[in-house]
Amino acid sequence: MTHVFHRSPKSALPVAVHGSGTYVTDDSGKRYIDACGGAAVSCIGHGDRRVQEAVQRQMAEISYAHTSFFTSPAAEALADHLCEATPVPLDKVYFVGSGSEAVEAAIKMARQYHLERGEPSRKLVISRHQSYHGNTLGALSVGGNPPRRKPYGPFLLDEPKIEPCFSYRYGRDGESAEDYALRAANLLEEKILELGPETVVAFLAETVVGATAGAVTAEAGYFRRIREICDRHGVLLILDEVMCGAGRTGSFLACEQEDVAPDILTLAKGLGGGYQPIAAVMCTDHVYRTIVEGSGSFVHGHTYSAHPIACAAALAVQQVIREDDLLENVVERGAQLRERLEARFGNHPHVGDVRGRGLLQAIELVEHRDDKTPFSPDRRIGARIKRDAMALGLMVYPGAGTIDGVSGDHVLLAPPYTVDANTIDLIVERLGLAVDAALAE
């Protein structure tokens with residue numbers, strides 16, 4: 001009997017008692033390859049002593065100081081590190097406790113930016129169908145995943161949505177990648193003009209779509225066109241890199257590879273690597289100055305914002321990534337992962353697509369490869385693959401409703417940046433066995 005209110009109380013969970021490197025061990029002694037980082041969180045693996053020691057040092061100095069009274073050396077050092085880690089001109093950092101909190105803070109920051117400029121009519125945030133931006137009510141309002149939104153529909157804001165840039169599902173036969181990128185991006189301008197530019201606060205998008213659609217990258221040129229459209233209409237660009245940022249795709253920010261700079265950006269999972277709960281909102285100096293030189297303060301805050309222990313842990317994680325040249329390993333092992341996935345599943349009759357970037361990759365499962373017909377949702381293919389993978393000692397992150405929130409299945413992989421070549425081979429081998437076992441039922 002447990003007093004914990006688990007996510008799925010009817011399903012018995014193994015008890016994790018130890019983590020080391022790429023492996024998690026349960027209380028029976030069984031070891032699992034963590035090929036998904038939980039939910040793309042454990043970026044440097046489990047049990048790194050340098051992070052443990054940084055947390056212990058911070059606890060010995062001070063564990064908590066409220067941000068309405070104090071800043072802390074850990075928060076200041078972490079902010080410096082993040083701004084120096086990318087060539088993207090994001091100059092200020094606001095720390096919170098989770099990705100959902102970061103998205104809430106980002107959209108409030110964008111709204112206040114326009115208020116400071118004397119544009120109170122700007123109140124709408126445009127986002128994309130099949131996006132995921134968090135589980136709090138504001139984040140759900142701008143999210144585009146119907147099953148997550150449906151139970152709380154009466155509470156949510158009716159924020160406008162456009163199609164994502166998802167060529168496997170939305171590209172047209174015979175359409176070039178360049179033409180599709182422009183067509184998908186131009187949907188934003190059409191929506192802005194429909195609503196009236198004077199009503200739109202921001203456009204919010206995941207640079208690489210994570211959990212809901214499975215490692216979907218935009219076609220080249222899409223985000224550059226998005227940036228042009230936002231600038232033309234005075235709309236801020238917010239990029240959600242809660243899952244794909246902090247090195248997951250091979251550069252510190254995924255948007256670096258899109259050659260685009262947002263006005264506001266969110267980070268979370270790979271920021272603290274699971275060692276402490278922490279997230280961040282990064283913004284340009286222009287956004288910051290508009291607020292500071294206007295009313296003078298951001299009308300927002302949380303009790304545990306910029307928590308010293310969380311900041312110390314995150315700083316240690318980011319220093320490990322830099323000192324151990326882990327972004328280079330992300331690129332190398334990411335290329336190996338793609339090669340192995342394509343070799344194992346490229347001609348699989350029930351795998352329609354292999355996609356992603358760096359160490360954020362996925363396969364999409366289909367009933368009929370030729371016409372991309374998805375399996376019936378009743379078969380719960382992703383859940384079955386997860387079950388069979390766990391039996392084989394492999395952790396993967398399945399998703400259902402890949403296409404529209406109802407139909408479609410994918411399996412997401414996001415191993416630690418420390419993963420080695422042998423483990424990549426083992427991940428794909430075990431995934432192949434799990435997929436075949438699940439589909440054989």
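The values are calculated or read from the model by the stated rules, or taken from the named source; none is laboratory data. Quick caveat, the model's predicted, so the values are computed rather than measured. For neighbour counting, all protein chains shown are included, and Cβ atoms are generated from backbone atoms with ideal geometry for every residue, glycine included.
Structural remarks
- Residues within the range 143-193 that are of a type in the set (Ser, Thr, Tyr) and either closer than 18 Å to Leu236 by Cα or not in a helix (DSSP H, G or I) (or both), tallied: 1
- Checklist (1) outside any loop (DSSP other than H, G, I, E, B); (2) without any contact (Cβ under 8 Å) to a residue 60 or more places away in the chain; (3) among the hydrophobic types (A, V, I, L, M, F, W, C) applied to Ile424, failing item: (2)
- Within the range 122-179, tally of residues that are more than 23 Å from the chain's Cα centre (by Cα), closer than 30 Å to Glu198 by Cβ and touching a residue at least 24 places away in the same chain (Cβ under 8 Å): 2
- Sub-9 Å Cβ pairs linking a first residue in the range 55-84 that is within 21 Å of Gly273 (Cβ to Cβ) and in contact (Cβ under 8 Å) with a residue 60 or more places away in the chain to a second residue that is of a type in the set (Asp, Glu) and part of a loop (DSSP other than H, G, I, E, B), at least 6 apart or interchain, are Cys83/Asp91, ordered by first then second residue.
For (1) touching an Asp or Glu at 6+ places or on another chain (Cβ under 8 Å); (2) of a type in the set (A, V, I, L, M); (3) crowded, with 20+ Cβ neighbours inside 10 Å; (4) modelled with pLDDT of 95 or more, each residue gets a yes or a no:
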site	(1), (2), (3), (4)
Ala74	no, yes, yes, yes
Ala79	no, yes, yes, yes
Glu104	no, no, yes, yes
Lys108	no, no, no, yes
Leu124	yes, yes, yes, yes
Ser127	yes, no, yes, yes
Thr136	yes, no, no, yes
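- Filter result for Phe298 (out of contact with any Gly (no Cβ under 7 Å at 6 or more places or on another chain), buried (at least 24 other Cβ atoms within 10 Å of the Cβ) and among the aromatic types (Phe, Trp, Tyr)): no
- If you check Thr266, Thr249 for being under 21 Å from the mean Cα position of the chain (by Cα), in contact (Cβ under 8 Å) with a residue 60 or more places away in the chain and closer than 16 Å to Ser127 by Cβ, only one passes: Thr266.
- Any chance Arg248 is under 30 Å from Ser176 (Cα atoms), modelled with pLDDT of 95 or more, outside any loop (DSSP other than H, G, I, E, B) and outside the structural domain of Asp409 (by TED's automatic domain parsing): no
- Screening Val354 on (1) touching a residue at least 60 places away in the same chain (Cβ under 8 Å); (2) within 24 Å of Ala254 (Cβ to Cβ); (3) surrounded by 15 or more Cβ atoms within 10 Å (Cβ to Cβ) shows it passes everything except condition (1).
- Residues that are assigned to a loop (DSSP other than H, G, I, E, B) and charged (D, E, K, R) were ranked within the range 110-122; the one that is surrounded by the most Cβ atoms within 10 Å (Cβ to Cβ) is Arg122.
- The residue that is surrounded by the most Cβ atoms within 10 Å (Cβ to Cβ), among those in the range 88-102 that are more than 20 Å from the chain's Cα centre (by Cα) and in a loop (DSSP other than H, G, I, E, B), is Asp91.
- Of the criteria (1) crowded, with 21+ Cβ neighbours inside 10 Å; (2) assigned to a loop (DSSP other than H, G, I, E, B), which one Phe70 fails: (1)
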